[in-house]
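Accompanying notes for the structure given below.
Each value in this text was obtained by applying a stated rule to the coordinates, not by laboratory testing. The structure displayed is predicted, hence computed values, not measured ones. FYI the Cβ positions are ideal-geometry reconstructions off the backbone, even for glycines, and counts take in every protein chain you see.
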Amino acid sequence: MSEIGTVLVTGASGYIALHTIKALLDAGHEVRGSLRTPARGETLVEILRRHGSDTTKLHFVSADLDRDEGWAEACAGCSHVLHIASPFPNAPPRHEDDLIKPAREGALRVLQAAADAGVKRVVMTSSLAAVLSGRDGRDGSHVFDEEDWTDLDADIGAYEKSKTIAERAAWEFLEQLPADRRPEFCVINPGLVLGPVLEKDAGTSVEAVLKLMRRDFPGCPPLGWALVDVRDVAAAHITALTAPDAPGHRYLCAGEHVWLQQIAEILDREFGPRGYRIPTGRLPAALLRLAALFDKTVRLVLRDLNLRHDIDNSAIRRDLHWNPRPMEQTVIDTARSLIQEGLVTAP
Ligand code: NAP
């Protein structure tokens, strides 16, 4: 008998969550997805079916990170919880608490309900934003690992604060629970997630590739990220449900640092011959600052200009037997899906 019973996946409508639900269903598991907008359920079932998944073992419950209602019902009878939901907007919020409150309080609501329901293990999605924000490893002097935490006093954005505060609060909350009421707990900290979108509502994650494919900019500003494929993020979450060494650990979940210009060059090699005009030249940082006056998504990345972050992913490779796919494949598959979903028009 499988050690995994019903798995609650919070924020079922999200990019990472939907891929994770698909992978769970494809492996034959019972899945309960939480939604704050229950009407989305029908559409999600259609999307998953269109991508070849059998959705008979998928059910939805209604719960909002901002409210207590629904979380007890969501966790009841579940053996495991994947807490993936958290605000990830494509523009800076009016107030940082718009992100911090749901991220932190939502995580605590889910953990409390999981503990009350006797859930065996909770896996929470944090981010490299809770590890390395506001710091620069550009001179190669620092390779980030699981010991690193974002400094909340540094000049960081609301999203980075929300992820750091939520993850810290989760660890602290569990520590003060009596041991016999404490679910096993571990955290996945993904880098920038790319990979196929399953629907038209592509979300914030793939904005960079979308902007390159649409040629929204004439060139590539000096931005880069430690990348990871959404399918490899989903796989890490699922392995973390049962991996014996995972409880008590956080796992940096990303590969090598990649500059936007390298992403553009990969796209140009693959899609250039088909008529797509990918901007591969360099765009000075000053021009991006100018663009940020008009484009709110651009404002989100201004602090990251010229920053390079190299990470050590040996822990996730070892404990979760994680073997991510090549970054080139991720980039190409992202763009291909954007074309397939009609988000990028053919030349
Ligand atoms: P996404 O597509 O925007 O998904 C976010 C999910 O959180 C959505 O299902 C959203 O529900 C839900 N959510 C937001 N506020 C909520 C609230 N108040 N109550 C209930 N649900 C709420 O983003 P994603 O890329 O899949 O991100 C998922 C998780 O991974 C987040 O925790 C994010 O911080 C983390 N992460 C993402 C990346 C990345 O590059 N994508 C990297 C590192 C970590 P609605 O659909 O109703 O808005």
With a 10 Å cut-off between alpha carbons and a GNM built on the chain, which of I21, I156, I316 moves the most? I156
Can you give the % of DSSP beta bridges in the chain that are antiparallel, to the nearest 5? 10
Unit charges on C-beta of K, R, D, E only; dipole of the chain, Debye: 1000
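Treat every Asp and Glu Cβ in the range 106-227 as -1 and every Lys and Arg Cβ as +1, leave all other atoms uncharged, and give the resulting dipole magnitude about the Cα centre to the nearest 20 debye.
The calculation lands at about 540 debye.
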Out of V298, V119, L227 - ranked by how far each Cα lies towards the positive end of the dipole of the chain, with unit charges on the beta-carbon of charged residues - the top one is V298
Over the Cα atoms of the range 160-268, Rg to Rh with Kirkwood Rh, two decimal places? 1.08
The relative contact order of the chain, taking Cα pairs under 8 Å that sit 6 or more residues apart, comes to a percentage of 19
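Rounded to the nearest 5, what % of the DSSP beta bridges within the range 158-308 are antiparallel ones? Provide the component values of the computation, followed by the final result.
On the way: 3 of 11 bridges.
Bridges in the range 158-308 that DSSP calls antiparallel: roughly 25 percent.
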If the limit is 25 Å between Cα atoms, which of K57/K120; K101/K200; K200/K296; K22/K296; K57/K161; K57/K101 go over it? K101/K200; K22/K296; K57/K161; K57/K101
Full-stretch length increase - R94, R303 - with 0.36 nm per residue and alpha-carbon distance subtracted: 73.5 nm
What number, rounded to the nearest 500 deg cm²/dmol, is the helix-based mean residue ellipticity at 222 nm of the chain, given -39500 (n - 2.57) per DSSP H run of at least four residues and division by all its residues? -11000 deg cm²/dmol
Using θ = phi - 60° and the Karplus relation 6.51 cos²θ - 1.76 cosθ + 1.60, list the HN-Hα couplings for the range 239-254 in order, rounded to whole Hz, with x at every Gly or Pro. 4, 5, 5, 10, 4, x, 8, 6, x, x, 10, 10, 10, 5, 10, 6
Would you mind pulling out the separation of the Cα centroids of the range 286-337 and the range 200-216, in Å? 12
Roughly how many debye, to the nearest 20, is the charge dipole of the range 48-157 about its Cα centre, given +1 on each Lys and Arg Cβ, -1 on each Asp and Glu Cβ, and no other charges? 740
For a test of the definition: using alpha carbon positions, the gyration tensor, and the 1.5 limit on a/c, classify the range 248-318 as rounded, prolate or oblate. oblate
Find the Cα radius of gyration of the range 93-237, compare it with 2.2 N^0.38 Å by division, and give the number to two decimals. 1.18
Which listed residue (C186, G272, H321) has the Cα farthest towards the positive end of the charge dipole for the chain, taking +1 on Lys and Arg C-beta and -1 on Asp and Glu C-beta about the Cα centre? G272
Throw me the Rg/Rh for the chain, computed over C-alpha atoms with Kirkwood Rh, two decimals. 0.95
Between the Cα axis of helix 327-340 and the main Cα principal axis of the chain, the angle (0 to 90°, nearest 10) is 90
Work from the charge dipole of the chain (Cβ charges, +1 for Lys and Arg, -1 for Asp and Glu, about the Cα centre) and give the residue of L343, F60, Q176 farthest towards its positive end. L343
Can you tell me the length gained on complete extension of the stretch W171 to D268, counting 0.36 nm per residue apart and subtracting the Cα distance? 30.6 nm
